[in-house]
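To keep things clear, I will list the structure first and then write my remarks on it.
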Amino acid sequence: MLLYNTLGRKKEEFVPVHPGKANMYVCGITAYDLCHIGHARSALVFDVLVRQLRHTGLEVRFVRNFTDVDDKIINRANKEGRDWREVAQTYITAFHEDMDRLGVLRADEEPRATDFIPQIQAICSTLVDSGKAYSTPSGDVYFRVRAYEPYGKLSGRSLDDLLSGARVAPGEEKEDPLDFALWKAAKPGEPFWESPWGKGRPGWHIECSAMSQPYLPLDIHGGGQDLIFPHHENEIAQSEAACACSLARYWVHNGFVQVNAEKMSKSLGNFKTIRDILENYLPETLRFFLLGKHYRSPIDFTADSMDEAEKAQHRVYTALHEAGKALARDKWKKTPLPQEMAEEWAALPKAFDSALEDDINTAQALGQVFAQVRLVNRLLEDKALRSAEAGRDLLQEFLARAQEWDKRLGLFGQAPQAFLADLRGQRATRGKIDVARVEELMLARQEARANKDFARSDSLRQEILDLGVSVRDTPEGQVWDLE
């Protein structure tokens, strides 16, 4: 399997430190607010990566942390008049609820920063003792960036570039503008822990160094591209300076999410939480949309793109539904598949595997899914093939492959009829369509058809169409959907 390694700026073959096992640590949320679509993308990227690693037979230990003490959490708590611990727990719970809805597998271990205060202080002490860090009279501890020669190796930034524009803020006691805080002296009203440097709390970067330490050496360290600098750069510096070892072999970062071609921000009013989106779309639709582009590419969230995702899902689930119906047939003819179709069908699973093996290319993998859907639809449209034993075998394998897609991508594993009904209901709600009225007209039309009152049936059909709903007459009865 190939992975793009930010450290080497190229795709590299993935070879774990210990054969048969893989340690992966991913930076989780700072628990001060509801998760937004950017959090969803990062979670889904590493969810698929974990699934793929396990598919290759590796025993994966997946660690995703929570930052449960931070300036943003403290500010939120003060603003709302709540205890900072309560705020953190509120949003950790919300994170789990949101990710469960999106089908994201739980991490094997979920360390919290506040459970690692002794380890954080121990790393700080090691760095101070070695001269890589220093304490100040007010009780802060800073990392000496210039004392770690490889600084900048992940982000590609030079010290000279970083120094341009770097300043020491009023009240800071840094030796160098580039130095960053490992331990912060407590301010009035803030949570604190006793330390060799007085009452204080950890800086952001040191938390991950302490929480990842039990799993070193890491095979994979991951997060969003926004974490490359300064968070991951600083994490490498302090961890490797303290342990004289390598922190991680592969650094994997997912791309940004924009909203309507603009950077998402609360000030622009385009801030999209997962819960905002799931008020209008099914969770699997959001999952499908976010996996529809390669994880390192930027992705633009728009209502149109989500609508297109729904249409694509509709095609797959409709094919699965129709395949299931066709398989209910009793009699089959001994007709072989055309050689070209049989060869194409046999090659598609390998193409699906190859896409995921090549730097987790979910977009290309989904392309192979749709190639299979197109082939199945060709078979279903051919009367001779859909009644052939070879056609039956292909349809059975199609349904089995869908279960594999669910296992690998977390997509297309729901009961097709139930999913299509949920999708129809979601679209109707969004389109403000009176479903009860549609059902009422459908029932009246069914009665008119039973009474052979075709003029009334046609009139009712037109009334349904005028609501923005289409009607199909099938052997199983009337079926309605949105146009």
Query raised in the report: Over what distance in Å are the Cα centres of the stretch 307-325 and the stretch 88-140 separated?
Result: 43
Report summary line: Ranking Leu34, Asn23, Leu53 by how far each Cα lies towards the positive end of the charge dipole of the stretch 17-85 (+1 on Lys and Arg Cβ, -1 on Asp and Glu Cβ), the top one is Leu53
Query raised in the report: Put a dot 7 Å past each Cα toward the Cβ at His96 and Arg472; how far apart are the dots in nm?
Result: 4.2
Query - In the stretch 233-292, GluC sites (Glu not before Pro) in a DSSP loop with at most 14 other beta-carbon atoms within 10 Å - result: Glu279
Requested in this report: Evaluate the relative contact order of the chain (contact order divided by residue number), counting alpha-carbon pairs under 8 angstrom at least 6 apart; express in whole percent.
Outcome: 15
Query raised in the report: Along the charge dipole of the chain, which of Leu443, Ala88, Asn270 sits closest to the positive end, that is, farthest toward it, with unit charges on the beta carbon of Lys, Arg, Asp and Glu (+1, +1, -1, -1)?
Result: Leu443
Query raised in the report: Using 7 Å Cα-to-Cβ label points, what is the Arg456/Ala169 separation (nm, one decimal)?
Result: 7.5
Query raised in the report: Can you tell me the accessible area per residue over the stretch 294-339, all protein chains present, probe 1.4 angstrom, in square angstrom?
Result: 55
Query raised in the report: How high is the relative contact order of the stretch 52-194, in percent, counting Cα pairs under 8 Å that sit 6 or more residues apart?
Result: 20
Report summary line: Cysteines of the chain without any disulfide-compatible partner (other Cys Cβ under 4.7 Å) are Cys27, Cys35, Cys124, Cys208
Report task. Over 25 Å between C-alpha atoms is what I'm after, so list which of Lys184/Lys272; Lys153/Lys187; Lys11/Lys350; Lys383/Lys407; Lys272/Lys311; Lys132/Lys199 land there. Result -> Lys184/Lys272; Lys153/Lys187; Lys383/Lys407
Report task. Counting only heavy atoms of the protein chains, get the accessible area per residue of the stretch 176-249 (1.4 Å probe) and round it to a whole Å² value. Result -> 33
Report summary line: Quick calc, the stretch 54-115, dipole around Cα centre from Cβ unit charges on Lys, Arg (+) and Asp, Glu (-), nearest 20 debye, gives 140
Query - Square roots of 5 times each gyration tensor eigenvalue, C-alpha, the stretch 338-396, largest first, Å - result: 25, 10, 8
Query - Hydrodynamic radius by Kirkwood, which averages 1/r over all alpha carbon pairs of the stretch 242-314, in angstrom - result: 14.2
Query raised in the report: When only DSSP loop residues count, what chymotrypsin sites (Phe, Trp or Tyr not before Pro) in the stretch 211-299 have their Cβ near at most 16 other Cβ atoms within 10 Å?
Result: Phe256, Phe271
Report task. Let me know the shape class of the chain, please: from the alpha-carbon gyration tensor, a ≥ b ≥ c as square roots of the eigenvalues, rounded when a/c is under 1.5, otherwise prolate if a/b is greater than b/c, or oblate. Result -> prolate
Report task. For the stretch 265-392, would you read off the P(r) tail past 20 Å as a percentage of all alpha carbon pairs? Result -> 57
Query - Accessible area per residue, Å², the stretch 1-159 with all protein chains present, probe 1.4 Å - result: 42
Query raised in the report: Over what distance in Å are the Cα centres of the stretch 355-377 and the stretch 200-240 separated?
Result: 34
Requested in this report: Measure nothing fancy, just the Cα-based angle from helix 37-55's long axis to the longest principal axis of the chain, in degrees from 0 to 90, nearest 10.
Outcome: 80
**Report entry** DSSP-defined antiparallel bridges as percent of all bridges, the chain, nearest 5
**Finding:** 50
Query - Residue among Leu286, Val252, Ile236 farthest towards the positive dipole end of the stretch 207-326, charges placed on Cβ - result: Leu286
Query raised in the report: For the chain, with only Lys/Arg (+1) and Asp/Glu (-1) charged at the beta-carbon, what is the dipole magnitude about the Cα centre, in debye rounded to 20?
Result: 680
Requested in this report: Measure off, as a whole percent, the carbon and sulfur share of the 1.4 Å-probe accessible area of the chain, all protein chains present.
Outcome: 49
**Report entry** Residues in the stretch 376-403 that a label on Glu343 would reach, taking backbone N under 20 Å of a point 7 Å out along Cα→Cβ
**Finding:** 376, 378-379, 390-391, 394
Report summary line: Between the alpha carbon centres of the stretch 14-54 and the stretch 428-443 the gap in Å comes to 41
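The values are calculated or read from the model by the stated rules, or taken from the named source; none is laboratory data. This structure is a prediction, so every number in the text was calculated from the model and none was measured. No Cβ is skipped: glycine too gets one built from the backbone with ideal geometry, and neighbour counts run over all protein chains shown. Areas reflect the complete protein model, heavy atoms only, side chains present, ligands, DNA and RNA absent. Shrake-Rupley method; radii C 1.70, N 1.55, O 1.52, S 1.80 Å.
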